[in-house]
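The values are calculated or read from the model by the stated rules, or taken from the named source; none is laboratory data. Computed from a prediction, not measured in an experiment: that's the story for all the values here. Every residue, glycine among them, receives a Cβ derived from its backbone with ideal geometry; neighbour counts consider all protein chains shown. The accessibility values were calculated without ligands, DNA or RNA, using every heavy atom of the protein model including side chains. Shrake-Rupley method; radii C 1.70, N 1.55, O 1.52, S 1.80 Å.
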Amino acid sequence: MDVLPHLPVYAMHEHVVFPNMVFPLFVDANKLATVEEAVNQDNLIGLVLCRKDEDCSFGDLAPIGTLCRIRQMLRIPGGGAKVIIEGVQRLRLVEAVTGKVWIGARVELLEDYRCEGLVAEALVQSVNALLKIALAYGRPLPGDVLKMIDQIEAPGRLADLVTVYLNLDLHLQQRILEILDPIDRLKEVYLHLTSEVQKMQVKGEVQSEVAKRMGKSQKEYILREQLKQIKEELGDEDGQQSEVAELRCSIDQAEMPDHVREIAEKELARLARINPASPEHTVARTYIDYLCSVPWNCSTDDDLNIGHAQQVLDEDHYGLKKIKERILEYLAVRSLKADTKGPIICFVGPPGVGKTSLGRSIARATGRAFIRISLGGMKDEAEIRGHRRTYIGALPGRIIREICRVGTNNPVFMLDEVDKIGQDFRGDPASALLEVLDPEQNDSFTDHYLDVPFDLSHIMFIATANILDPIPPPLRDRMEVISLPGYSEEEKLAIARNYLVTKQQHENGLDDYPVDFPDETLQRLVRNYTREAGVRNLERNIASICRKMAKSIAEGGEPGLKVSPESLEKQLGPRRYFSDVAEEEDRVGVVTGLAWTEAGGDIIFVEATHMAGQGGLTLTGSLGEVMQESARTALSFVRAQAQQFGLDAQTFAGQDIHIHVPSGAIPKDGPSAGVTMAAALISLFSGCPVRRDVAMTGELTLTGRILPVGGIKEKVLAARRAGVTSILLPDRNREHLDEIEPDLRQGLQIHFVSDLLEICRLALLPSTD
């Protein structure tokens with residue numbers, strides 16, 4: 001016998017491979033190493049049946065397998081491959097040979113010896129005759145297979161080919177594969193083929209008996225009676241009646257309201273009359289299944305322990321006092337009034353401040369199930385309300401499907417990115433949410449698929465958004481909006497120290513090798529490597545440092561390393577951000593402004609210059625229409641009140657003015673830069689530099705009034721991050737100062753102004769001319 005000393009062996013779980021058999025094999029990415037090793041060894045591989053479903057070792061393999069040749073290997077998306085295999089001959093596993101990530105074995109090749117004589121000839125003829133009888137009873141065989149069988153005279157090869165098309169169980173196929181004597185193997189196949197033909201004969205008799213009973217009835221009725229006769233022969237009960245009984249039991253256990261139960265029973269009675277082969281049968285069955293799976297009266301008990309809820313919220317999130325207070329208020333009311341409706345809250349804030357994770361934390365604090373669906377890019381109303389049952393493949397909307405999945409009618413339901421809902425010809429999902437989020441209507445929410453009302457009033461709905469402007473006003477009116485303005489530097493340090501460092505050490509396998517992040521390191525990390533309202537980039541940088549530490553430990557480095565401030569440049573590269581204001585100098589015509597974007601507060605620089613011309617105004621920097629109108633208003637007011645600011649009215653004659661807001665690729669809009677542009681124009685024509693450490697915001701009218709603006713807390717945080725020391729705010733924003741914690745105002749001088757003269761007095765320096 002030939003021996004192969006080192007053959008890659010691939011474990012088969014669903015097929016037994018025979019010699020001369022060609023078939024496709026789909027290999028997962030985690031098993032591809034065996035095939036790749038075989039390609040490197042003359043394209044030879046052993047395919048052997050494994051007796052275990054998973055984690056197959058050498059001891060779990062059958063003793064006899066098939067040596068195969070790889071004809072072709074095609075890579076497929078996802079990392080796997082499609083391999084065309086051709087069986088060559090039988091093999092016997094002798095012993096395991098150690099492989100890197102694949103099973104290897106030393107094998108003996110088993111040759112089929114030729115068998116000639118009357119016995120072999122008679123067996124071949126008998127098998128061919130049985131195959132023709134099977135074809136007469138309707139057993140399909142490919143035409144090329146029939147021609148091949150007629151030409152095969154070798155008993156062993158004929159036995160292998162017929163076995164492939166007999167659809168035997170795996171253990172029977174393996175048993176035939178392990179019969180090495182061709183005559184004995186063909187005898188075994190002959191017995192199984194005889195049994196198959198006898199079954200076909202019984203089936204034919206059943207069909208004949210049914211045909212006598214039914215005469216010339218419709219084909220559909222004949223098929224149903226055939227199935228009934230077969231069930232009688234086998235002693236099995238009627239499958240449809242069993243299905244109806246099972247559904248009736250599910251309806252009894254579902255605790256449906258009376259009006260829903262009436263509809264379910266009516267649909268069940270209709271199902272019992274429908275032919276199981278009809279498409280309507282599947283539609284009715286699916287509908288009843290959904291009615292039974294909806295948690296009509298199944299709810300979880302709220303954990304009303306306010307102390308425990310406070311502890312859970314503090315464990316997961318730092319700060320956010322207003323949101324935590326609102327959740328504790330709800331639990332307090334719930335403890336006093338059990339039938340309180342669930343709140344409908346909208347968290348609004350820049351990315352990375354913890355809006356989505358807050359939902360999970362609230363669910364954990366209240367002891368409820370948590371559901372989250374993303375509404376970003378959703379354009380089909382049916383995603384919310386479901387499809388009507390007249391459509392093929394109709395399903396309930398995401399609201400009902402997710403409630404069925406968690407199995408309770410009072411979860412915490414998070415609607416993420418509600419400000420990014422789209423709309424097209426399929427409807428407007430935002431309008432469909434009006435009923436879901438209306439406490440006066442959602443106690444009878446009707447999904448188009450279920451077509452019966454369901455009570456959503458016990459659910460705590462939490463929506464999240466970056467900005468409120470894209471949310472339609474009717475939908476915004478239904479939600480209690482709570483702002484998350486972003487974190488100060490002190491809050492980011494506390495979050496990094498108490499949450500992020502511990503989390504990243506655990507996720508990067510450093511629990512046994514703690515990395516020390518001193519406060520000085522974290523502070524420099526916040527100032528020099530992040531510029532954001534949230535903490536996502538801060539967490540990424542900490543994770544990057546932890547990964548480098550893990551790599552160092554894996555290479556034999558010292559555990560328990562300390563990250564010094566000086567090592568950050570080596571770990572993360574050169575600093576990425578500089579203090580915008582601190583690096584600037586006092587300039588003429590350049591003013592620091594404050595802006596509010598969906599990513600939080602930010603500072604902007606408004607630059608103005610003039611040149612000889614015809615009195616034109618040029619605006620650049622991707623300014624929106626509102627911001628362009630603010631610039632024209634500022635110029636008109638400064639020109640009209642030139643004497644008030646010590647300017648000669650003739651100064652503007654024959655001068656073209658150019659106003660530019662840097663970062664020209666970023667679109668900007670809004671009225672809050674009106675006073676900033678006016679101050680830049682006054683500085684430009686008076687020659688007085690503007691203090692670099694003074695930032696301002698406010699809407700300027702044509703009569704010189706300074707109107708209030710929004711996002712005060714976000715703008716104050718942005719000014720603090722940029723190194724500003726003085727902030728000029730509209731006088732009518734004075735009451736908003738109470739929303740800013742005293743520690744966030746430390747080191748800042750906040751002035752409230754009501755006219756442009758006061759701004760000039762605080763921001764402009766004496767002329768250098």
Ignoring ligands and nucleic acids, Thr446 exposes an accessible area, probe 1.4 Å, in Å² to the nearest 10, of 40 Å²
For the stretch 14-57, which trypsin sites (Lys or Arg not before Pro) pass both filters: DSSP loop (anything but H, G, I, E, B) and at most 12 other C-beta atoms within 10 Å? Lys52
Taking amide H positions as placed in the peptide plane 1.01 Å from N, state which residues far from Gln655 in sequence (5 or more) or on other chains have amide H under 5 Å from it. Gly613, Gly615
In the neighborhood of Arg705, defined by Cβ-to-Cβ distances under 13 Å, what is the net charge if each Lys or Arg adds +1 and each Asp or Glu adds -1? -3
Residues with beta-carbon under 11 Å from that of Ser754, excluding Ser754: net charge, scoring Lys, Arg +1 and Asp, Glu -1? 0
With θ set to phi - 60° and the Karplus curve 6.51 cos²θ - 1.76 cosθ + 1.60, what are the ³J(HN,Hα) couplings of the stretch 38-46 in order, to the nearest whole Hz, using x for Gly and Pro? 5, 4, 6, 10, 6, 6, 9, 8, x
Apportionment of accessible area to carbon and sulfur, the chain, percent (1.4 Å): 48 percent
Residue by residue, what Karplus-based ³J(HN,Hα) values in Hz, rounded to whole numbers, does the stretch 64-73 have, using 6.51, -1.76 and 1.60 with θ = phi - 60° and x for Gly and Pro? 10, x, 10, 7, 10, 10, 7, 7, 7, 9
Search the structure for amide H atoms under 5 Å from the amide H of Phe445, placed 1.01 Å from N in the peptide plane, and list their residues when 5 or more places away or on another chain. Phe454, Leu456
Taking a ≥ b ≥ c as the square roots of the Cα gyration tensor eigenvalues, with a/c under 1.5 meaning rounded and otherwise prolate when a/b beats b/c, else oblate, which class fits the stretch 1-109? rounded
If you find the alpha carbon centre of the stretch 562-579 and of the stretch 37-72, how far apart are they in angstrom? 53 Å
Using 1/(1 + (r/R0)^6) with R0 = 35 angstrom and r between the beta carbons of Ile750 and Lys337, what's the FRET efficiency to the nearest 0.05? 0.25
Compute the helix-to-body angle for 321-336: its Cα long axis versus the longest principal axis of the chain, expressed 0 to 90° and rounded to tens. 60 degrees
If each K or R counts +1 and each D or E counts -1, the residues other than Asp53 whose Cβ falls under 13 Å of its Cβ total -2
For the stretch 237-340, what is the accessible area per residue in Å², given a 1.4 Å probe and the full set of protein chains? 58 Å²
Per DSSP H run of at least 4 residues, take -39500 (n - 2.57); add these up for the chain, divide by its residues and hand me the 222 nm value, nearest 500 deg cm²/dmol. -12500 deg cm²/dmol
By accessible area with a 1.4 Å probe, ligands and nucleic acids excluded, highest first: order of Glu116, Glu243: Glu116, Glu243
Using the heavy atoms of the protein chains and a 1.4 angstrom probe, tell me the accessible area per residue for the stretch 374-484 in square angstrom. 41 Å²
List Tyr10, Tyr190, ordered by accessible area with a 1.4 Å probe, largest first: Tyr190, Tyr10
By how many degrees, between 0 and 90 and to the nearest 10, does the Cα long axis of helix 155-164 differ from the longest principal axis of the chain? 40 degrees
Nearest 10 degrees, 0 to 90: helix 536-554 Cα axis against the chain principal axis: 60 degrees
Along Cα→Cβ, 7 Å out, is where each label goes; now give me the distance between the ones at Val22 and Cys298 in nm to one decimal. 5.3 nm
Taking the Cβ-Cβ separation of Glu566 and Lys321 as r and a Förster radius of 30 Å, what is the calculated FRET efficiency to the nearest 0.05? 0.25
If the chain between Asn30 and Asp150 were fully stretched, how many nm would it gain, using 0.36 nm times the residue separation less the Cα-Cα distance? 39.0 nm
Taking the full set of protein chains and a 1.4 angstrom probe, give the accessible area of Trp296 in square angstrom, rounded to the nearest 10. 20 Å²
Taking 7 Å along the Cα-to-C-beta vector as the label spot, tell me the Gln125-Ser444 distance in nanometres, rounded to one decimal. 8.4 nm
Placed amide H near Ser299: partners under 5 Å, 5+ positions off or other chain: Asn409
Under 4.7 Å Cβ to Cβ, no partner at all: give me those cysteines from the chain, in residue order. Cys68, Cys115, Cys249, Cys292, Cys298, Cys346, Cys404, Cys546, Cys688, Cys760
Is the stretch 686-750 rounded, prolate or oblate when judged by the Cα gyration tensor, a ≥ b ≥ c being the square roots of its eigenvalues, rounded requiring a/c under 1.5 and prolate requiring a/b larger than b/c? oblate
From Cα pairs below 8 angstrom and at least 6 apart in sequence, can you work out the relative contact order of the stretch 256-324, rounded to a whole percent? 27 percent
Would you mind getting the accessible area per residue of the stretch 1-117, heavy atoms of the protein chains only, 1.4 Å probe, in Å²? 54 Å²
Checking the stretch 255-364 for trypsin sites (Lys or Arg not before Pro) in a loop per DSSP with at most 11 other beta-carbon atoms within 10 Å yields Lys337
For the chain, what is the percent of antiparallel DSSP beta bridges, rounded to the nearest 5? 60 percent
